[in-house]
Amino acid sequence: MSYNMEAFRGDLFGGITAAVVSLPMALAFGVVSGLGALAGLYGAIAVGFFAAVFGGTRSLISGPTGPMSVVMAVIVTSYVDDLTEAFTIVLMAGIIQILLGLLKIGRFIAYTPYSVISGFMSGIGVIIILLQTMPFLGAPGAGGGPIGALRALPEAMSNVNMNALAIAVVALAVSARWPRRFRRVLPPFLAALVAGTLLGVWLTGTPLIGSVPTGLPEVWLPGLTVEVLTGAIQPALTLALLGAIDTLLTALIADSITRTRHRPDQELVGQGIGNAMAGLLGGLPGAGNTLGTVVNARAGGLTRVSGMTCAVILFAIVMGLGRFVEGIPLAVLAGILMKVGWDIIDWRFLVRIRHVRREQLVVMVTTLGLTVFLDLVTAVVVGLVVAGMVSALKLERLELDNVVSAPLLDDTFLGDAAGAGQADPFSARVGLVVFRGTYTVASSNRLVNTLSVDIRDHEVVILDFSETDYMDDSAALVVAQLIDVAIAEDTECVVMGADGPVATSLQPLDVLRRIPSGRFVSDMDEARAVALQLLAP
């Protein structure tokens with residue numbers, strides 16, 4: 001990707017817009033955590049800058065997030081008498097994230113089904129709209145998340161601040177309808193910020209961002225005693241995993257907006273460095289900030305320069321430039337964020353909802369509902385579980401369709417050697433079970449129930465693995481159960497093709513230990529010869 005003046009302008013505008021949006025959130029999350037507003041700003045600066053420099057997502061804006069702040073609030077409560085230990089936990093969480101990246105754990109998040117991502121994105125959009133309803137109407141923010149906003153909405157609507165409403169409507173209108181020909185010079189969100197702020201000079205009496213704390217951070221040297229480190233492992237691991245999940249899901253959302261691909265393992269390393277620095281500087285731990293990332297990408301920030309710009313602007317504010325943003329009406333931000341929330345909702349999925357398969361719809365709606373009314377991480381975890389169950393049902397059908405269980409007529413398979421002139425021309429003393437393709441835990445239970453019946457009907461059964469591509473541990477243990485069934489029913493087993501790819505699953509678990517050495521064959525001719533020996537009177 002070539003970097004030119006147009007790209008720099010987009011990164012600059014994106015960083016500025018993201019900084020304006022991130023500022024009140026960093027202040028609020030700092031207060032929520034119990035560390036104070038300034039700690040929120042330090043966290044936004046440290047995580048935002050170092051994650052942008054060393055991370056693997058071009059347009060990602062990092063900083064304090066709701067889930068991380070809530071966990072940190074619990075940690076602060078436990079270590080209120082010695083914050084050095086609390087910041088040691090933040091430092092350790094950063095180190096754990098670096099290790100996760102070096103171990104290449106981050107790439108597994110790419111396997112998240114689209115229905116989960118769609119529900120997560122739409123849920124985030126709904127949350128943003130609900131939370132911004134109060135400042136949009138000129139009312140103070142309501143605690144309790146989206147549910148708290150819904151409860152406070154009737155009172156806010158009965159006491160609307162008309163000046164704030166007018167400013168918010170203008171900011172929303174400019175964000176949505178800003179002419180395309182002006183967007184290269186001035187992005188819509190920045191235009192809305194300017195227009196709304198200027199209107200706020202005339203329409204007074206509206207809630208403002210207010211005073212911003214300033215000052216250089218204090219360096220917190222970690223406590224390295226055995227007692228401190230032992231007690232810090234569990235909360236540090238919780239912070240690290242929560243931040244990793246939050247960040248990589250936000251990176252997927254950034255990819256969907258910018259049509260790029262992030263590098264998840266590098267992103268974890270960048271986040272780890274950022275959180276380690278936050279711990280040293282007394283800042284709040286952070287992760288990929290979905291709202292800031294979307295605002296940045298929509299405003300034109302498409303490289304890591306935008307994230308660095310956002311952090312530098314926040315640092316300048318901490319160093320004394322806060323007075324330039326103190327007078328921005330909250331209604332301006334509400335109008336901008338309303339448009340952002342609307343854009344985040346996955347309308348492409350929703351407009352096709354009548355044509356979506358029912359199981360995908362269940363996953364999407366479940367994730368969306370839990371995102372809005374519970375929390376983001378739980379929503380994703382439950383969404384992944386539900387999506388996994390849906391996928392397992394599909395795999396079960398596909399895998400069972402690939403199993404062939406058939407009787408082999410004596411006349412055709414054994415020929416004359418089976419004994420001439422048998423009374424029953426349809427006798428089939430030998431059965432064949434062919435495993436084709438892939439077999440996993442999804443079909444293991446049904447395989448036992450289905451094949452056990454067939455095995456009992458024969459004196460000899462040939463288990464053919466010649467066309468098996470892969471078999472997980474659960475499916476391999478099913479084969480062991482089938483062999484046990486055969487032995488219990490006095491059915492002799494012949495194993496064919498067990499030295500192929502399936503051997504890596506069968507041999508370590510010693511699945512075939514009860515099969516005599518002479519019963520392993522490589523083709524059907526050998527299997528026929530062994531079957532004749534076993535059937536000989």
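Here is how the numbers come out for the structure above:
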quantity: In degrees, nearest ten, helix 264-280 long axis to first principal axis of the chain (Cα); calculated: 40
quantity: Separation of alpha-carbon centers, region 459-537 and region 257-299, rounded to whole Å; calculated: 52
quantity: FRET efficiency estimate (nearest 0.05) - Cβ-Cβ, Asp523 to Arg446, R0 35 angstrom; calculated: 0.75
quantity: Candidate residues Val362, Val521: accessible-area rank, largest first, probe 1.4 Å; calculated: Val362, Val521
quantity: Computed magnitude of the charge dipole of the chain (debye, nearest 20; Cβ of K, R +1, Cβ of D, E -1); calculated: 3420
quantity: Those GluC sites (Glu not before Pro) in region 451-537 that DSSP places in a loop and that have at most 16 other beta carbons within 10 Å; calculated: Glu459, Glu467, Glu489
quantity: Rounded accessible area of Ser158 (nearest 10 Å², 1.4 Å probe); calculated: 80
quantity: Thr214-Gln533 pseudo-label distance in nm [points 7 Å out on the Cα-to-Cβ vector]; calculated: 9.2
quantity: Pairs of alpha carbons in the chain whose separation is greater than 43 Å (percent); calculated: 36
quantity: Solvent-accessible area of Asp81 with every protein chain in place, 1.4 Å probe, in Å² to the nearest 10; calculated: 150
quantity: Pairwise centroid distance, computed over Cα atoms, of region 61-100 with region 324-378, Å; calculated: 27
quantity: Trypsin sites (Lys or Arg not before Pro) within region 249-305, DSSP loop, no more than 14 other Cβ atoms inside 10 Å; calculated: Arg259, Arg261
quantity: Equivalent ellipsoid, region 467-537 (semi-axes from 5 times Cα gyration tensor eigenvalues, Å); calculated: 22, 15, 9
quantity: At most 16 other Cβ within 10 Å, DSSP loop - trypsin sites (Lys or Arg not before Pro), region 155-235; calculated: Arg183, Arg184
quantity: Quarter of the Cα convex hull surface for region 190-349, i.e. its orientation-mean projected area (nm²); calculated: 12.0
quantity: Two-site FRET efficiency, Leu321 against Leu395, from Cβ-Cβ distance with R₀ of 56 Å, rounded to 0.05; calculated: 0.50
quantity: Å² per residue, accessible surface of the chain at 1.4 Å; calculated: 46
quantity: Percent breakdown of C-alpha pair distances by 10 Å bin, ordered from the shortest bin, for region 257-339; calculated: 13, 39, 36, 11, 0
quantity: In degrees, nearest ten, helix 66-78 long axis to first principal axis of the chain (Cα); calculated: 80
quantity: Helix 37-54 vs. the chain, principal-axis angle (Cα, 0 to 90°, nearest 10); calculated: 50
quantity: Probe 1.4 Å - accessible area at Met5, Å² to nearest ten; calculated: 130
quantity: Relative contact order (%) - the chain, alpha-carbon pairs under 8 angstrom, separation at least six; calculated: 23
quantity: Cα convex hull of region 210-305, projected area averaged across orientations, nm²; calculated: 8.2
quantity: Heavy-atom accessible surface of the chain: percent carbon and sulfur, 1.4 Å; calculated: 63
quantity: Options Ala475, Leu280, Leu463, ranked by Cα towards positive dipole end of the chain, top entry (Cβ charges); calculated: Leu280
quantity: Two-site FRET efficiency, Thr77 against Met157, from Cβ-Cβ distance with R₀ of 30 Å, rounded to 0.05; calculated: 0.25
quantity: Point-charge dipole on Cβ atoms (K/R +1, D/E -1) for region 271-368, about Cα centre, debye to 20; calculated: 420
quantity: Protein-only accessible surface order, largest first, of Tyr79, Tyr42, Tyr470, Tyr439 at 1.4 Å; calculated: Tyr470, Tyr79, Tyr42, Tyr439
quantity: Distance histogram for region 284-395 (every C-alpha pair counted, 10 angstrom bins, percent rounded to whole numbers); calculated: 11, 28, 32, 19, 9, 2
quantity: Solvent exposure, largest accessible area first (probe 1.4 Å, DNA, RNA and ligands not counted), of Phe49, Phe8; calculated: Phe8, Phe49
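The values are calculated or read from the model by the stated rules, or taken from the named source; none is laboratory data. As the structure is a computational prediction, the values presented were derived from the model and not from experiment. Methodologically, a virtual Cβ is constructed for each residue, glycine included, from the backbone with ideal geometry; neighbour enumeration extends over all protein chains shown. SASA here: full protein model, heavy atoms, side chains in, ligands and nucleic acids out. Shrake-Rupley method; radii C 1.70, N 1.55, O 1.52, S 1.80 Å.
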